[in-house]
Amino acid sequence: MQIGSRRCILNPVSGDGEHADYVPRLMEARGFEVYETEAAGDAVELGSEAGRAEASEVAVCGGDGTVNEVVRGLDDAGHLDSVTLSVIPAGTANLLAGNIGVTDIEHGVEIADVGEARPVDVGVAGDEPFLVSCIAGLPADASVSTPGDLKERFGTLAFLLTGAQEALRFDGLDITIAAVGEDGPFTWSGEATCLLVGNARKFVAEGGQANMEDGLLDVAIVEQMPTGNLVAEAIGQRLLALDTDGVTHVRAEEITVAGHGKELTFSRDGELSTHETLSLSVRETTLTLRVGPGYKPDPA
C-alpha cells in the first residue's frame, strides 16, 4: 500500500474530546496516517491536501461539521469522486453516522478499515457540497443560538429546546420554491417556519435515513407555526414527523429557494451561510462512502 494513501483527519475537540487520546493509535494500527485539526477551517485544508495527494481513503473523526469541511476540501481539490470516505462519529449529533449505520467510535474505526463501500449522492447548495441536509428557517436559527454547553449536556435535544425559545421570536420565512421533482415541476410560495432539504436524512413519514443513491433530495416545507404555549409541542411533532399536517413534501433533483430580496440563513451540515436566492442540486452517486451493516440502500 502506498504510504499516505490512507489518511484520518481528526478533530480533537469534537464532542467530549476523549477520542483524541486513543483514536490515533487505533487508526495508525490500521494503516491510516493521522492528521489533527488545530483551528476552525483546518479540516477544509487537510481535506484539500488529501485530495492533492490523491489519497485513496480518508476517514473523518469528528462531528457532522468536520465531515462537511473535509468533503469541501476534497471537492476543492477535485478528488471527491476518486476517494473512499468513512466517518468515525465523535461529535454531538453525528447525524451522518447514524444514517449510514455507524454506531460509535470503535465501530467507526472498524468500518473505516473494512466496511462496505457504497456509491452515494452528494447534495450541492450553491457551489458547496453537503451529505446530510441543508435547512433554512427555525432549525438554522436554533443551530446558531444553541450554546455549546447545552449541546454537550443534551445533544440533539438541545436544538429542539433552543428551537422552542427561538420560535417565540421567529418571524418565519417568506419564500418561493421552484423545484424539478420526481413527478415534474413543482412550485410553492408563502410563509414557512422552515425548509428542510435532506440528502442522507428525511424529515417526514417515518423520518431517519433517506435514500442516498436515488439522485433525489427529500424536501419538506413546514408552514408557519403558531406561537404561544403550544409551540414546543408543535416543533416536536413537525420536526420529528409525528404529525405531518401543514407539511409539504416533495422529492426533487433540483430546487431553488428565493427570499424575495431578504437574506435567508441556511445550515448546511451545520455550516452557516446566508443567501437571498439559493439553488440546490444532486450529484448522483458521486462519492464512495463506507457504511455499517445497518445502512439500507433503499429505506422504506
Compute the length gained on full extension between Glu263 and Ala29: take 0.36 nm times their separation in residues and subtract their Cα-Cα distance, giving the result in nm to one decimal. 79.4 nm
Under-5 Å amide H pairs with Gly15, H placed in peptide plane, nonlocal only: Thr92
Going by average Cβ density within 10 Å per residue, which order do the peptides 183-193, 103-113 take, highest to lowest? 103-113, 183-193
Residue-count net charge about Val67 - beta-carbon cut-off 11 Å; Lys, Arg +1, Asp, Glu -1: -3
Distance in nm between label sites at Ser279 and Thr256, each 7 Å beyond Cα in the beta-carbon direction? 0.7 nm
Say each of Glu106 and Glu18 gets a label point 7 Å from the Cα, pointing the same way as Cα to Cβ; how far apart are those two points in nm? 1.2 nm
Grab the Cα-Cα distance for Asp81 and Ala117, subtract it from 0.36 nm times how many residues apart they are, and report the gain in nm with one decimal. 11.7 nm
If each residue of separation counts as 0.36 nm, what is the full-extension length gain between Ser5 and Glu191 once their alpha-carbon separation is subtracted? 62.0 nm
7 Å from Cα along Cα→Cβ at both Arg52 and Leu272: what's the point-to-point distance in nm? 3.0 nm
At a probe radius of 1.4 Å, what is the per-residue accessible area of Asp127, in Å² to the nearest 10? 130 Å²
Considering only the other residues whose Cβ falls under 11 Å of the Cβ of Glu182, what net charge follows from Lys and Arg at +1 and Asp and Glu at -1? -3
Environment charge of Ala192, counting only residues whose C-beta is closer than 9 Å and scoring Lys/Arg +1, Asp/Glu -1: -3
Honestly segment 1-80 on the Cα gyration tensor test (a ≥ b ≥ c root eigenvalues; a/c under 1.5 rounded, otherwise a/b vs b/c for prolate or oblate) is just oblate
Residues whose built amide H sits under 5 Å from the amide H of Ala59, excluding neighbours closer than 5 in sequence, are Arg7, Cys8, Ile9, Ser86
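The values are calculated or read from the model by the stated rules, or taken from the named source; none is laboratory data. Keep in mind that what you see is a predicted model, and the values were worked out from it rather than measured. In this analysis, Cβ positions are derived from the backbone assuming ideal geometry, glycine residues included, and neighbour counts consider all displayed protein chains. These accessible areas exclude ligands, DNA and RNA; they are computed on the full protein's heavy atoms, side chains included. Shrake-Rupley method; radii C 1.70, N 1.55, O 1.52, S 1.80 Å.
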